[in-house]
Amino acid sequence: QVHFVESGGGLVQPGGSLRLSCIASGSIFSFYAMGWYRQAPGKQRELVAVIISGGSTNYADSVKGRFTISRDNAKNTMYLQMNSLKSEDTAVYYCNLNPPGPWGQGTQVTISS
């Protein structure tokens, strides 16, 4: 099984940006689809962005136009560039396969003035 370690979260003001990174324990080259998920307090975990091996991407409506997902198969790494952040983006962010396997610890993103 592949495991993931997320990083890059933090506290930023509304309108700010963050770049999340996710390193896999093994090669991600063969995995067709991977994604970034998030779980806000009191809410279910949701899928916010997906990238397939060919590079096509898809986003939840709530983040479309603000978030960009990318992957570097050679580095076994996936990224989520988040711009124009809003308070409702506050959540723990996780990366995983799509559909997901074991969950990592995630990285906390807090948007607050």
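Tabulated results
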| item | result |
| --- | --- |
| Cross-link reach list, lysines versus residue 64, counting only Cα pairs under 19 Å and skipping chain neighbours closer than eight places | 86 |
| Surrounding net charge for residue 15, when Lys and Arg each add one and Asp and Glu each subtract one, Cβ distance under 14 Å | 0 |
| Per residue accessible area in Å² of the chain, where ligands, DNA and RNA are left out and the probe is 1.4 Å | 52 |
| Rg/Rh ratio calculated on Cα atoms of the stretch 46-113 (Kirkwood radius) | 0.95 |
| GNM flexibility winner over the chain from 74, 40, 60 (Cα, springs under 10 Å) | 74 |
| Lys, Arg +1 and Asp, Glu -1 on Cβ, resulting dipole of the chain about Cα centre, debye, nearest 20 | 60 |
| Inter-label distance for residue 7 and residue 75, nm, one decimal - labels placed 7 Å from Cα along Cα-to-Cβ | 1.1 |
| Contact order relative to length of the stretch 1-83, as percent, for alpha carbon pairs under 8 angstrom and 6 or more apart | 31 |
| Local net charge near residue 37, Cβ-Cβ under 9 Å (Lys/Arg +1, Asp/Glu -1) | +1 |
| Label-point separation in nm, residue 52 to residue 17, each point 7 Å along Cα→Cβ | 2.8 |
| GNM top mover of 80, 11, 97 - the chain, alpha-carbon springs below 10 Å | 11 |
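The values are calculated or read from the model by the stated rules, or taken from the named source; none is laboratory data. It should be emphasised that the depicted structure is a prediction, and the values quoted were computed from it without experimental measurement. Because the Cβ atoms are built from the backbone with ideal geometry, glycine has one as well, and the counts that use them run over all protein chains shown. Remember, those area values only see protein heavy atoms, side chains included, never the ligands or the DNA or RNA. Shrake-Rupley method; radii C 1.70, N 1.55, O 1.52, S 1.80 Å.
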